[in-house]
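First up is the structure itself, then whatever we jot down about it.
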Amino acid sequence: MPYARELEALRRAGRFRSRRLFDDSLIDFASNDYLGLASKKSALRRACRLLERYPVHASRASMLVNGYHPIHEVFENEIARFNGFGSGLVVGSGFLANLALIEALVRRGDRLFYDEEFHASGRLAARLLGDRAIPFAHNDPEDLRRKLRRFGGKGRRIVAIEGVYSMSGDLAARGIFDVAEEEADLLIVDEAHSSGVLGDRLLGIFEHYGIVPHEGHIKMGTLGKAYGSYGAYILASPSIVSYLENRGKPVIYSTAPSVFDTALALVNLRRITRKAPTLREKLAKRRRIVREITGISVSSQIVPYPVGSDREALALQRKLEEKGWLVGAIRRPTVERPILRIIPRLGAKASQLRRMLHDLVELHG
């Protein structure tokens with residue numbers, strides 16, 4: 001059996017992974033469906049009605065052949081306008097978006113400076129750049145400044161960070177934006193876990209910090225988290241979007257993103273914009289409950305609950321499943337130290353969150 005020894009080593013270490021169909025009766029505190037929109041049947045019906053207005057409902061080809069659909073265009077225009085960017089581009093996934101941005105934008109003579117905890121998609125793309133990609137200490141503005149000055153060179157200096165880091169739940173340090181403004185040419189912000197969660201209108205980290213986007217800013221986000229769908233988007237100046245259409249391999253050589261998923265994201269984008277004040281208060285209430293019961297204060301909707309070992313993470317996950325709760329057991333090498341990754345999402349009731357956290361504290365205690 002190919003790779004049998006490697007798989008057995010993973011099992012012995014408690015790091016073996018496989019796909020599972022979880023029981024639908026489990027209350028979900030594991031998924032990135034932060035606003036609970038993935039199960040809203042009213043949104044599903046609206047998306048279907050929207051799609052029925054058009055003669056074609058599938059992508060058919062890449063966006064640069066004839067896969068670009070009017071729904072793609074409407075979504076791009078609306079999300080760019082809401083976020084204060086000049087142009088938008090839908091992409092098949094967040095992974096592809098980061099690959100496109102980094103592989104296409106960092107040209108010969110340029111340098112990429114990326115947070116050492118940047119998403120795996122960005123780190124994979126950085127490996128293609130060799131010594132032109134330079135990591136800096138997590139959320140450390142001064143380390144970024146030192147490295148920009150030391151390794152900047154004569155080409156463009158491009159910085160890549162996340163708005164909210166997917167495992168720790170850390171918000172990007174405000175100082176990173178200041179250093180990038182002073183020392184870099186472009187700042188790429190992966191807002192997969194901050195769009196729909198932060199800011200007065202739930203637009204993400206730029207709004208949270210009161211930063212007005214300009215031509216040196218690029219925002220990437222996914223549609224498979226707070227927006228309750230699948231796919232991704234890139235927001236930037238018109239010239240950068242045009243450049244990606246011409247040089248971004250995942251844009252040029254991939255079938256256009258699903259038209260239905262884009263329609264669903266459009267419906268949910270409009271819902272979030274309409275209901276932002278109510279949703280924001282509900283999110284804040286969930287964070288208060290987490291702090292009250294576990295003592296863990298978070299600024300995002302990601303709660304990293306520390307455990308002692310990979311095996312303990314799996315054992316606690318199983319025990320919580322037996323009580324009707326689903327949480328994520330995140331093990332090495334995804335994280336340096338294993339955690340239960342808890343998402344106090346709006347798809348579950350506040351009372352259920354309280355009960356789950358009490359069960360967790362009792363089981364772990």
Take the residues of segment 163-217 that are in a loop (DSSP other than H, G, I, E, B) and aromatic (Phe, Trp, Tyr): which is surrounded by the most Cβ atoms within 10 Å (Cβ to Cβ)? Tyr165
Residue pairs qualifying under the 7 Å Cβ cut-off, at least six apart or on distinct chains, with the first in segment 163-182 being in contact (Cβ under 8 Å) with a residue 40 or more places away in the chain and of a type in the set (S, T, N, Q) and the second being assigned to a strand (DSSP E or B) and open to solvent by 20 Å² or more (accessible area, probe 1.4 Å), are Ser168/Pro304
For segment 243-276, enumerate the residues that are open to solvent by 50 Å² or more (accessible area, probe 1.4 Å) and without any contact (Cβ under 8 Å) to a residue 40 or more places away in the chain. Asn246, Arg274, Lys275
For segment 12-24, enumerate the residues that are closer than 17 Å to Glu312 by Cβ and either among the aliphatic types (A, V, I, L, M) or surrounded by 10 or more Cβ atoms within 10 Å (Cβ to Cβ) (or both). Ala13, Gly14, Arg15, Phe16
Open to solvent by 40 Å² or more (accessible area, probe 1.4 Å), part of a helix (DSSP H, G or I), out of contact with any Pro (no Cβ under 9 Å at 6 or more places or on another chain) and closer than 24 Å to Gly221 by Cα, is that true of Lys319? no
Residue within segment 291-309 that is out of contact with any strand residue (DSSP E or B) (no Cβ under 6 Å at 6 or more places or on another chain) and closer than 26 Å to Ala47 by Cα present: no
Quick one: Arg108 ticks every box in (1) assigned to a loop (DSSP other than H, G, I, E, B); (2) closer than 20 Å to Gly216 by Cα; (3) in contact with an Asp or Glu (Cβ under 9 Å, 6 or more places away or on another chain) except a single one, so which number is it? (3)
Could you list all residues from segment 59-88 that are in contact with a strand residue (DSSP E or B) (Cβ under 9 Å, 6 or more places away or on another chain) and more than 20 Å from Ile272 (Cα to Cα)? Ser59, Arg60, Ala61, Ser62, Met63, Gly67, Tyr68, Gly86, Ser87
So which residues in segment 116-130 are in contact with a strand residue (DSSP E or B) (Cβ under 9 Å, 6 or more places away or on another chain), assigned to a helix (DSSP H, G or I) and either over 24 Å from Phe95 (Cβ atoms) or open to solvent by 50 Å² or more (accessible area, probe 1.4 Å) (or both)? Arg123, Arg127
All conditions in (1) more than 29 Å from Asp200 (Cβ to Cβ); (2) open to solvent by 50 Å² or more (accessible area, probe 1.4 Å); (3) modelled with pLDDT of 95 or more; (4) more than 22 Å from the chain's Cα centre (by Cα) are true of Gly365 except (3)
Between a residue in segment 17-43 that is part of a helix (DSSP H, G or I) and any residue that is open to solvent by 40 Å² or more (accessible area, probe 1.4 Å), which pairs come within a Cβ distance under 7 Å, given they are 6 or more apart or on different chains? Ser39/Gly347; Ala43/Arg271
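The values are calculated or read from the model by the stated rules, or taken from the named source; none is laboratory data. This one's a predicted model, so the numbers in the text were calculated from it and none came from an experiment. Heads up, the Cβs are rebuilt from the backbone with ideal geometry, glycines too, and the neighbour counts pull from every protein chain shown. Accessible surface is based on the protein model in full, side chains and every heavy atom, while ligands, DNA and RNA are left aside. Shrake-Rupley method; radii C 1.70, N 1.55, O 1.52, S 1.80 Å.
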